[in-house]
Amino acid sequence: MNAAGHPAAAKLPHAARVELLHLLVSPEHAYFGRPRDGAADVPTTDADEVEVVAGKGIVGDRFFGKAAHMDAAVTFLAVEAWEAVAADLRLGAVPDPLLARRNLVVRGLELDPLRGTDFLLETAAGSVLFHGGRPANPCAWMDRVVAPGAHRALRGRGGLRCTPLTSGRLSRGPATLRSSVPLDAARAGEAVLRRVPLQ
């Protein structure tokens, strides 16, 4: 469905051109238990296209239809954040962003302003309306699978957990994100650390 035909489009005046780089689908968790025991060898697909179901997530993914993840069924990662971590740790080459285990890896998207808002992601295959939820905080596994210090470096830039509000298909490649708030692609890699005020 094009933007003009989507009922949410009229309420989302800000449009950002983004690039959907990776669509990760995995039926099982790779990181559980203790990092020193090593990650599980589980099937993982970097798909060209995925089917998203409202309230459930990505068909075939480990979070699909799980009650504990209904408000966080699809995870986003700004690849600029991943690149910034590689630069901070002086890794030379940027590690594979799929190691973060986020479903949608996007270039050109500032994620933090989308918390608590609805936004529409439009791709060549279709569009899906999402609700931005809580941050996708990094886990200690990052020190094991990326590099020592990656867990700390990813704090505040580990991604965003979202709920799909409509069903549709998404495809890799150029995309448009429509939101109710302005976004700044130049800030996509910045860490956003929220401090709890002292009482």
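The values are calculated or read from the model by the stated rules, or taken from the named source; none is laboratory data. Fair warning: this is a prediction, and the values are worked out from it, not measured in the lab. Cβ coordinates were reconstructed from backbone atoms using ideal geometry, including for glycine residues, and neighbour counts include every protein chain displayed. Accessible surface areas use protein heavy atoms only, side chains included; no ligands, DNA or RNA. Shrake-Rupley method; radii C 1.70, N 1.55, O 1.52, S 1.80 Å.
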Problem set entry | Carbon and sulfur %, accessible surface of the chain computed with the full protein complex present, 1.4 Å | 53
For this session: Could you point to the label whose value was computed as percent of Cα pairs over 32 Å apart for the structure here, given (1) 12; (2) 23; (3) 31?
Result: (1)
Problem set entry | Choice from Gly92, Gly132, Gly189 with maximal GNM fluctuation in the chain (Cα, 10 Å cutoff) | Gly92
Exercise. Taking a label point 7 Å from the Cα of Arg90 along the Cα→Cβ vector, which residues of the range 135-176 have an amide N closer than 17 Å to it?
Worked result: 147-150, 153
Problem set entry | Helix 79-88 vs. the chain, principal-axis angle (Cα, 0 to 90°, nearest 10) | 20
For this session: Skip the ligands, DNA and RNA, and give the accessible area per residue of the chain with a 1.4 Å probe, whole Å².
Result: 49
Seminar exercise, completed: The relative contact order of the chain, taking Cα pairs under 8 Å that sit 6 or more residues apart, comes to a percentage of 31
Problem set entry | Within the chain, percent of DSSP bridges classed antiparallel, to nearest 5 | 90
For this session: Compute, for Glu110, the solvent-accessible surface of its heavy atoms (probe 1.4 Å) with the complete set of protein chains present, and express it in square angstrom to the nearest 10.
Result: 20
For this session: Provide Val146, Val74 ordered by accessible surface of protein heavy atoms (probe 1.4 Å), highest first.
Result: Val146, Val74
For this session: Using a 1.4 angstrom probe on the protein heavy atoms only, line up Asp61, Asp48 by accessible area, largest first.
Result: Asp48, Asp61
Exercise. Taking a label point 7 Å from the Cα of Val53 along the Cα→Cβ vector, which residues of the range 93-132 have an amide N closer than 20 Å to it?
Worked result: 103-104, 126-131
Exercise. What ranking of Cys139, Cys162 comes out by heavy-atom accessible area, probe 1.4 Å, highest first?
Worked result: Cys139, Cys162
For this session: Quick one: accessible surface of Trp141, probe radius 1.4 Å, all protein chains present, in square angstrom to the nearest 10.
Result: 10
